[in-house]
Amino acid sequence: MSSTLQRRLAAIVFTDLVDFSLLSGKDENKALEVIQKQNEIVSPLLKKFKGTLHKETGDGLVLTFQTVTDAVKFSINLQKATKDLPDLNLRIGIHEGEITFKENDILGDDVNITSRIEPFAAQGGIAISGKVQQNLLSLPEFETKYIGKPKLKGISQTITVYCITSQGLPETNIS
C-alpha cells in the first residue's frame, strides 16, 4: 500500500463558486452551464501554469502547483477571466505545504488548511496563508493585506491569513 503513497511539497489551491447552491436550487441547467464554463477557462490556465487538477468538489476545485508563484498567477488569471461572467463568482484559497498523493487525490493537514483559508477570500478575491505571503514578499507585483489568525476548524496549528490586494483583486472585508 505504501508504494502508491508519495509525499511532496506543493502549492495547494482551493476554489469555490459563490452562491452556487442557490443557483442550483433555482436553475440546475444554468448551474451546469456555469460549471462547464469554469472548466473551459481552467483547462488552458492549468496547462500554462503547470498545475494539476486533483478533484472537483461539486462547485469547487482542488489543484496543486510546483511553485507558489505559479499557483498565485494561475489564481489571479482565473479571477480576471471570470470577473465579468454572470454566476461565475469565485473565492480562492492558497497554501503551501507537504501533502500526500494517493492515486489522483491529495491528502494531509495542509490540504485541510487550504480548504479552511478559502472562505476568507472576498468574492472575486484570493486568500493566502502566511507561508504563501512569505514567498511573495520579494515579488513587488503582489501586494497583500493581513486578515488575521483565525481559529480554523480541525486545525491545531496557528495559521496567519492574508488576501492579495494587487492585480485588481477585491480586498477581504475583515469586519
Selected residue [surrounded by fewer than 18 Cβ atoms within 10 Å (Cβ to Cβ), at pLDDT 95 or above and charged (D, E, K, R)] from 50, 55 = 50
request  = Kindly indicate whether any position in the stretch 147-160 is in contact (Cβ under 8 Å) with a residue 24 or more places away in the chain, under 23 Å from residue 59 (Cβ atoms) and small (Gly, Ala, Ser).
outcome  = yes
key: Check on residue 5, hydrophobic (A, V, I, L, M, F, W, C) and farther than 22 Å from residue 141 by Cβ   = yes
message = I want to confirm something. Restricting to the stretch 74-91 and keeping residues that are open to solvent by 30 Å² or more (accessible area, probe 1.4 Å) and touching a residue at least 40 places away in the same chain (Cβ under 8 Å), which single residue is nearest to the chain's Cα centre (by Cα)?
response = 91
query = Which ones in the stretch 1-47 are outside any helix (DSSP H, G or I), open to solvent by 70 Å² or more (accessible area, probe 1.4 Å) and either within 15 Å of residue 82 (Cβ to Cβ) or of a type in the set (Lys, Arg) (or both)?
reply = 7, 8, 19
Selected residue [among the hydrophobic types (A, V, I, L, M, F, W, C), buried (at least 20 other Cβ atoms within 10 Å of the Cβ) and modelled with pLDDT under 95] from 106, 94 = 106
ask   = So is residue 61 open to solvent by less than 20 Å² (accessible area, probe 1.4 Å) and out of contact with any helix residue (DSSP H, G or I) (no Cβ under 6 Å at 6 or more places or on another chain) or not?
value = yes
query = Among the strands (runs of 3 or more DSSP E) confined wholly to the stretch 65-161, which include 3 or more residues that are of a type outside the set (A, V, I, L, M, F, W, C) and either in contact with a strand residue (DSSP E or B) (Cβ under 9 Å, 6 or more places away or on another chain) or more than 23 Å from residue 17 (Cβ to Cβ) (or both)?
reply = 90-102, 144-148
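The values are calculated or read from the model by the stated rules, or taken from the named source; none is laboratory data. Since we're looking at a predicted model, the values are computed, not measured. Every residue, glycine among them, receives a Cβ derived from its backbone with ideal geometry; neighbour counts consider all protein chains shown. The area values use the complete protein model at the heavy-atom level, side chains included, leaving out ligands, DNA and RNA. Shrake-Rupley method; radii C 1.70, N 1.55, O 1.52, S 1.80 Å.
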